[in-house]
Structures are given as structure tokens and as C-alpha cells.
Amino acid sequence: MVLDSSGDSEGLLQSMQSAIHHARQAGDQTGLSVLLGNVAHYHLVNFEYAEAERFSLEALAIAEASEDPNGRTLALVNLGLARIGLGQIEEGKALVAQSIEYERLQGLRNELALTYAELGAALERAGDLPAAIEALHSARELQDAIFREDQQREVLALQEKVEAKRREKAIEQLEAENARKAAEFERNRLQQWV
């Protein structure tokens, strides 16, 4: 991804193609389906829908043959988005819906939010504005829920830290009080002895 962020998209594509070559040689079907999915996504980002479709179909076949549900999900999303880009909107939506269902069942909320956002953007470009708005609203609702849950986790973590510090201070105070009482007891005992 370093190549992509630096703007060298051709270098990124070459690196991914090299990785695909090595995965084929190694017989790594799971890795291969993910790599093909990444190349398909590269083509989607560059609006090269026919190429994205081609790589997605290959990734889907490999993922299904190797019984890789994650690779299958990635391939379905990419294939659906490619079909939407090619004007096959209903077929594309149906493919993405399969992926969404899997992500929902697996509790993959971050991936689900991303899928909805990508679907919304693809549908908007394709001119299906009502469906685009619906997908983008779903993405936003998930993102908001995830954000709220993250905030709640952070607040709970802070509250736990504050409570731990309070307990630690209370223990230190009790230990100091016990030490003072023990010293006072020892002093009284020594006075009685003398």
C-alpha cells in the first residue's frame, strides 16, 4: 500500500500482479483469492469495470473452490460493484447483498459500513439515487453506532483507570493508618513495659 499512497498506482498494480504470480506458484488459494480481490478493487477505484469484473470472477471461483468465505465475500462485493459500473445495476446490487448478509452474520460491522459506503458511491455514479441514498444512510448509521461504541469503551476505560487510582490511594491511606496505629500500639506497649 506504500506505493499506492505515494501515487505510484502502476507500481502498486505491478506489485500485486507479482504477488499473484507467487501465490499461484505456491498453490496458496486463499491468498490468491484475496490478491485477485485486491487487483479487482484497484480496477474499481480506477473505474475499469470490465477488468474489475474479470478479476472478481476469478477470485470468486478460487474462493468457492477453496471454501474461503472471506475471499468469497470480497469477490462478491467487487463483482457486484463492477456489474453496477457496467450498468447491470440490479444484478450488482444482488451480488453485493450476498456479501452484506455474510458480513452482517459474522458481525463484521466495520467491513459492513465500508461495503455500504462503496455501494452507495457506485449506485450514485450509476444514477440509482434512491438506492444510493439508502446505502449511504446505512453506512452512516453503522459508522455512528461504531463511533458511539468506541466512545463508550474509552469512557469505561477511563472510569476504570480513575477507579483503580482511587482504590490505590485508599489502600495507601489504609496502609498509612495501619502503620500509624501499629507504631502507636508499639509505643504504648513499650511505655507499659518501662
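Quick one: among Phe147, Phe47, Phe55, which has the greatest mean-square fluctuation in a GNM of the chain with alpha-carbon springs under 10 angstrom?
Phe147
Using mean projected area of the Cα convex hull in nm² as the read-out, say which of [x] 11.8; [y] 18.8; [z] 13.9 was calculated from these coordinates.
This structure yields the entry labelled [y].
Give me the Debye-computed log₁₀ of I(q)/I(0) at q = 0.19, 0.23, 0.25 Å⁻¹ for region 1-79, equal point scatterers on Cα only, no solvent, two decimals.
Cα-only, vacuum Debye calculation for region 1-79: -0.73, -1.01, -1.13.
Relative to the longest principal Cα axis of the chain, at what angle does helix 129-193 sit, 0 to 90 degrees, rounded to 10?
20 degrees
Charges at C-beta only: +1 for Lys and Arg, -1 for Asp and Glu. How large is the resulting dipole of region 29-172 about its Cα centre, in Debye rounded to 20?
Dipole of region 29-172, to the nearest 20 debye: 540 debye.
How much space per residue, in cubic angstrom, does the convex hull of the C-alpha atoms of region 69-157 take up?
Per residue, the Cα convex hull of region 69-157 comes to 79 Å³.
So what's the angle, to the nearest 10 degrees on a 0 to 90 scale, between helix 69-85 and the longest Cα principal axis of the chain?
Relative to the chain, helix 69-85 is tipped by roughly 50 degrees.
Taking a point 7 angstrom from the Cα of Thr30 along the C-beta vector, which residues in region 60-91 have backbone N less than 20 Å away?
From region 60-91, the list is 60-77.
Sticking to Cα atoms, compute the Rg of region 106-194 to one decimal and its Dmax as the biggest Cα-Cα distance, whole number, in Å.
Rg, Dmax (Cα atoms, Å): 30.0, 100.
Scaled to the compact-protein estimate 2.2 N^0.38 Å, what is the alpha-carbon radius of gyration of region 35-121, rounded to two decimal places? Display every interim value, and only then the final one.
Details: Rg = 11.6 Å, N = 87, 2.2 N^0.38 = 12.0 Å.
So the Cα radius of gyration is 0.96 times the expected 2.2 N^0.38 Å.
Compute the helix-to-body angle for 89-106: its Cα long axis versus the longest principal axis of the chain, expressed 0 to 90° and rounded to tens.
20 degrees
At 222 nm, what value in deg cm²/dmol follows for the chain if DSSP H runs of at least 4 each add -39500 (n - 2.57) and the sum is divided by all its residues, to the nearest 500?
One gets -31000 deg cm²/dmol as the mean residue ellipticity at 222 nm.
Out of Glu103, Glu149, Glu51, any idea which swings most in a Gaussian network model of the chain, alpha carbons joined below 10 Å?
Between Glu103, Glu149, Glu51, it is Glu149 that shows the largest mean-square fluctuation.
Here, each number is a calculation from the coordinates, and none is a lab measurement. Everything numeric here is computed off the predicted structure, so don't read it as measured data. Here Cβ is always computed from backbone atoms with ideal geometry, including for glycine, and neighbour counts include all displayed protein chains.
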